[in-house]
Amino acid sequence: MEVILASRSPRRLFLLQAAGLAVEVRPSHIDETALTGESVEDTVKRLCREKALACKVDSDIPVIAADTLVAIHGEALGQPRDLTHAKQMLMKLSGHEHQVLTAVCVRVGENIASDCIRTSVRFREISETEIETYLLHNEILDKAGSYAIQGGAASFIEAIEGPLDNVIGLPVATTLHMIAEMKDMQ
């Protein structure tokens with residue numbers, strides 16, 4: 001099946017291709033600033049929808065858009081501005097449980113389906129030296145919360161509850177189910 005991915009995320013592309021989909025990448029460019037007073041869940045849902053709607057398509061090929069944020073104590077941790085910001089984020093996550101929220105939208109024509117999946121992740125206590133080493137050897141500036149669970153940050157994980165691929169950036173089973181539902185509506 002052919003789909004359009006409204007994202008430049010190589011991880012989302014990989015996950016969709018691994019699920020057997022033919023993927024055309026067509027990133028949507030929107031303002032990703034959270035609105036004042038907006039919850040983390042409301043932010044990812046809104047951004048995901050805006051990305052799906054911003055993607056120009058002249059056919060009935062499903063458009064997949066997603067947005068992922070890390071939340072700890074109600075605070076959203078998006079992509080870090082720089083390595084100093086990334087270090088601050090990882091120190092905040094150290095020894096604590098946080099939530100990874102990914103909203104996914106599937107649009108076919110004018111019809112849109114969306115869902116938001118939540119995965120709980122608990123980090124063990126991480127030393128400052130471990131964080132600095134991690135930042136030195138891992139590309140994290142495009143990752144929510146400054147970490148990639150599929151990379152070196154796997155050693156930080158004490159527990160996880162929920163879909164792993166959600167933490168990577170796209171809950172694949174949910175996405176495939178939404179595509180099938182959208183196709184049935186046609």
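So here's what we get for this one:
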| item | result |
| --- | --- |
| Residue with peak Gaussian network fluctuation, the chain [Cα springs, cutoff 10 Å], from 87, 45, 56 | 56 |
| Cα-based Rg / Dmax (Å) for segment 109-186 | 16.5, 54 |
| Radius of gyration, Dmax [segment 1-67; alpha carbons; angstrom] | 12.7, 39 |
| Proximal charge balance of residue 54 [Cβ under 11 Å; K/R count +1, D/E count -1] | +3 |
| Estimated vicinal HN-Hα couplings, Hz - segment 119-130 in sequence order (Karplus 6.51, -1.76, 1.60; Gly, Pro = x) | 10, 8, 10, 10, 8, 6, 5, 10, 6, 4, 5, 4 |
| Distance (nanometres) between label positions extended 7 Å along Cα→Cβ at residue 111 and residue 88 | 4.5 nm |
| Taking the convex hull of Cα positions in the chain, its mean projected area over all directions (nm²) | 10.2 nm² |
| Point-to-point label distance, residue 139-residue 36, nm (Cα→Cβ direction, 7 Å offset) | 3.8 nm |
| Extension gain (nm, one decimal) between residue 58 and residue 185, 0.36 nm per residue minus Cα-Cα | 43.9 nm |
| FRET efficiency estimate (nearest 0.05) - Cβ-Cβ, residue 1 to residue 159, R0 35 angstrom | 0.50 |
| Segment 9-87, relative contact order in percent, only Cα pairs under 8 angstrom and at least six apart counted | 22 percent |
| Charge dipole magnitude, Cβ of K and R +1, D and E -1 - the chain, Cα centre, debye nearest 20 | 160 debye |
| 21 Å Cα-Cα threshold exceeded, pairs from 92/143; 143/183; 56/183 | 143/183 |
| Segment 35-112: Cα Rg divided by the 2.2 N^0.38 Å rule of thumb | 1.33 |
| Share of carbon and sulfur in the accessible heavy-atom surface of segment 1-116 [1.4 Å probe, %] | 48 percent |
| Average accessible area per residue (Å²) across segment 110-186 - probe 1.4 Å, nucleic acids and ligands excluded | 52 Å² |
| Residue-averaged [θ]222 nm for the chain, counting only DSSP H segments that reach four residues, each worth -39500 (n - 2.57) | -10500 deg cm²/dmol |
| Inter-label distance for residue 81 and residue 24, nm, one decimal - labels placed 7 Å from Cα along Cα-to-Cβ | 3.8 nm |
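The values are calculated or read from the model by the stated rules, or taken from the named source; none is laboratory data. For clarity, every value in this text was computed on a predicted model and none was experimentally measured. Don't worry about glycine lacking a Cβ; one is built from the backbone with ideal geometry, like all the others, and counts go over all protein chains shown. Keep in mind that these areas ignore ligands, DNA and RNA; they rest on the heavy atoms of the full protein, side chains included. Shrake-Rupley method; radii C 1.70, N 1.55, O 1.52, S 1.80 Å.
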